[in-house]
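The values are calculated or read from the model by the stated rules, or taken from the named source; none is laboratory data. The structure displayed is predicted, hence computed values, not measured ones. Methodologically, a virtual Cβ is constructed for each residue, glycine included, from the backbone with ideal geometry; neighbour enumeration extends over all protein chains shown.
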Amino acid sequence: MSDELNDVEVRNFEEGDKVTGTVTSVEDKQVYVGIPDSKLDGVVPISELSNVHVEKASDVVNVGDTLDLVVTKVEEDVLVLSKRKVDALKASDEIKEKFESGEVFDAIVSDVVKGGLVVDLGVRAFVPASLVEDHFVEDFFDYKGKTLAFKVVEFEPEKKSCDLESPSCG
């Protein structure tokens with residue numbers, strides 16, 4: 001049995017490597033991930049879980065979830081990983097397709113900021129206040145958490161951002 005364990009190949013990781021891991025533990029500000037073929041555990045800081053602000057890691061992932069990740073730092077006893085960067089790459093391709101086709105799609109408003117709304121599409125998408133409705137809105141507080149229809153009106157992949165409009169704005 002011990003000979004079999006010695007025959008297991010352990011992979012060395014470098015920054016930028018893409019990995020798939022399984023969530024083994026969720027704390028408030030970080031997530032631990034098991035990485036196949038690695039002697040190191042992986043940790044995903046809360047800031048690397050999503051492109052929008054997250055209060056608790058459990059709002060985004062659960063124990064047992066399988067995540068696509070990228071190595072951001074290799075330390076002596078742990079791999080520091082990012083889910084946010086992988087999501088942004090995937091999202092950029094999807095947003096480009098929506099922009100080019102003019103597709104209207106539904107998304108949840110994740111935050112209200114000065115000047116408009118923020119929508120998490122895997123990258124941070126901004127909806128200027130002037131493009132939310134076709135009438136003046138005094139306070140956007142009620143929009144947070146709502147699902148609205150959107151259309152990409154500006155896409156800047158080098159900035160990893162886009163602007164949206166609500167088609168009801170016209």
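With the condition kept exactly as written, say whether any residue in region 83-100 is within 30 Å of LEU117 (Cα to Cα) and over 21 Å from the mean Cα position of the chain (by Cα). Scanning region 83-100, I find at least one residue that is within 30 Å of LEU117 (Cα to Cα) and over 21 Å from the mean Cα position of the chain (by Cα), so the answer is yes.
Return yes when LYS85 is of a type in the set (Lys, Arg), in contact with a Phe, Trp or Tyr (Cβ under 7 Å, 6 or more places away or on another chain) and not in a strand (DSSP E or B) and no when it is not. The answer is no for LYS85. Of the strands (runs of 3 or more DSSP E) that lie entirely inside region 122-169, those containing 1 or more residues that are at pLDDT 90 or above span 124-128, 147-156.
Give the residue, chosen from SER50, SER101, SER82, that is modelled with pLDDT under 90 and either assigned by TED's automatic domain parsing to the domain that holds PHE13 or closer than 26 Å to PHE150 by Cβ (or both). Checking each option against the conditions leaves just SER50.
Based on this model, can you work out whether VAL61 counts as under 18 Å from VAL33 (Cβ atoms) and part of a helix (DSSP H, G or I)? Considered against the rule, which asks whether it is under 18 Å from VAL33 (Cβ atoms) and part of a helix (DSSP H, G or I), VAL61 comes out as no.
Considering GLU100, GLU94, GLU55, the condition of being closer than 15 Å to GLN30 by Cα, out of contact with any strand residue (DSSP E or B) (no Cβ under 6 Å at 6 or more places or on another chain) and either part of a strand (DSSP E or B) or of a type outside the set (Val, Ile, Thr) (or both) is satisfied by GLU55 alone.
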